[in-house]
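Structure first, then comments.
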Amino acid sequence: MTTRATEIWVGIFVAAGLAALFMLAMKVSNLASYSGDEGYEVSARFEDVSGLKVRSPVTMSGVRIGRVRQIVFDDQALQAVVVMEIEPHHNLLPKDTSASIYTAGLLGEKYVGLEAGGDEQNLVQGDEIKLTQDSLVLEKLIGQFVSKFMTEAGSGDR
Amino acid sequence: MLDSLQLLGQKGLDFFQRLGRGHMLLLQVLTGLPSLLPRFGLVIKQTYSVGVLSLVIIVVSGLFVGMVLGLQGYNTLVDFGAEESLGVVVALSLVRELGPVVTALLFAGRAGSALTAEIGLMKATEQLSAMEMMAVDPVRRVLAPRFLAGFISMPFLAAIFSAVGVLGGYFVGVGLLGVDDGAYWSQMQDKVDMYDDINNGIIKSLVFGVVVSWIAIFEGNDAIPTSEGVSRATTRTVVHSALAVLGLDFILTALMFGE
């Protein structure tokens, strides 16, 4: 084997390795969905964000338009503040858009669903979404149901 | 009684001496790496024999592992009506675990054993001593290029293994079993994370590359210079590499994915 042929084969090997890495990055993983240009950030306050994680999807009409960037706890208001990054080309969301936390499927992961309002003005960087609805916690719901059931049963006795 | 105690002590001392020699050798090889830069041809030649010649076994194994994952994953998932998640199952198992681990095991069998045998025979036929006589440092001339070649080849081989495996799962899942084409890829892209999964897989393969190449060149260099000694060293390379890879894989997985 001449040196030249060896070097060509090693070149092919490295190129194939890089191509495989590229395929893993672009085709297999979610790297392609990281948009290169930064989106704008809007925040929303929730009483309860249990189950929501950083990088959870933010959707509108079921289409993903951004991701959760940061979840922090506001010590003054005793609320959770969710900072969302919306992709820059979705810049026509009305100012009175509302945000709710939903579950994908029965046991799926949590995501933020936005619903458009009718305001003329649009959300811009740093705005806060005022209308929010908390994440649905199954235990709370069952608790409410049980306590309602109990009080009804109690009043029925009388 | 005393004899058995002495035997135990001797074995223990032997073990620690070997461990020490192994680390000294690693240190020598690492300090010898910069001197390879002006003679990179040596590394390329070794990359050919270590990496390029391992390509066939890696590609074929990757294809079959991916196809088996496709079949098995489908059979399990179809019970839950979740066969659309087949892409996620195949890609995550390959990228996180099977890609780096199986590649390292195959690499130890295909390339590591060859390295040990080659270096051991060089030692047995006193080629290494001859080099020293000519004031050529065998660590820099023989061991360092082989070590670096193994270190370079491993991540590429693991990436090729995973990529081919994903394609193998695609052929079986989409081509044979009728999983939806779009769901296979989109669910995969949704769930496989570049940083959490792919980067950690690459880190794993880099660690395994170092470990397997290190064990291979150490066993070769440390072999008793007889034909029996070389054959034993070759066996030890494969066994120790496999154990080290599997043990380290557990530790790395616990560090990376354990919460």
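Below, the figures for the structure above:
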| item | result |
| --- | --- |
| Verdict on B:Leu106 being within 12 Å of chain A (Cβ to nearest Cβ) and either under 24 Å from B:Val60 (Cα atoms) or over 23 Å from the mean Cα position of the chain (by Cα) (or both) | no |
| Members of region B:77-121 found to be buried (at least 22 other Cβ atoms within 10 Å of the Cβ), over 20 Å from B:Gly201 (Cβ atoms) and among the aliphatic types (A, V, I, L, M), listed by number | B:Leu115, B:Ile119 |
| The lone exception for B:Val65 - which of (1) farther than 21 Å from B:Thr47 by Cα; (2) within 13 Å of another protein chain (Cβ to nearest Cβ); (3) modelled with pLDDT of 90 or more it fails | (2) |
| Criterion violated by B:Ser162 - all others in (1) closer than 14 Å to B:Gly70 by Cα; (2) crowded, with 24+ Cβ neighbours inside 10 Å; (3) away from every other protein chain (no Cβ under 14 Å) satisfied | (3) |
| Pair list, Cβ < 6 Å and 6+ apart or interchain, from region A:1-21 residues that are within 7 Å of another protein chain (Cβ to nearest Cβ) and among the aromatic types (Phe, Trp, Tyr) to residues that are in a helix (DSSP H, G or I) and buried (at least 18 other Cβ atoms within 10 Å of the Cβ) | A:Trp9/B:Tyr48; A:Trp9/B:Val52; A:Phe13/B:Val52 |
| Hits in region A:42-61 - residues which are touching a residue at least 40 places away in the same chain (Cβ under 8 Å) and in a loop (DSSP other than H, G, I, E, B) | A:Glu47, A:Asp48, A:Val49, A:Ser50, A:Gly51, A:Leu52, A:Lys53, A:Ser56 |
| Residue list for region B:165-196, restricted to those being closer than 30 Å to A:Trp9 by Cα, surrounded by 21 or more Cβ atoms within 10 Å (Cβ to Cβ) and facing chain A (nearest Cβ under 8 Å) | B:Val166 |
| Residue that is free of Cβ contacts under 8 Å to residues at least 40 places away in the same chain, more than 30 Å from B:Gln17 (Cα to Cα), in contact with a helix residue (DSSP H, G or I) (Cβ under 7 Å, 6 or more places away or on another chain) and charged (D, E, K, R), where the choices are B:Asp193, B:Asp180 | B:Asp193 |
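The values are calculated or read from the model by the stated rules, or taken from the named source; none is laboratory data. This one's a predicted model, so the numbers in the text were calculated from it and none came from an experiment. Neighbour counts are summed over all protein chains in view; Cβ atoms, including those assigned to glycine, are modelled from backbone coordinates with ideal geometry.
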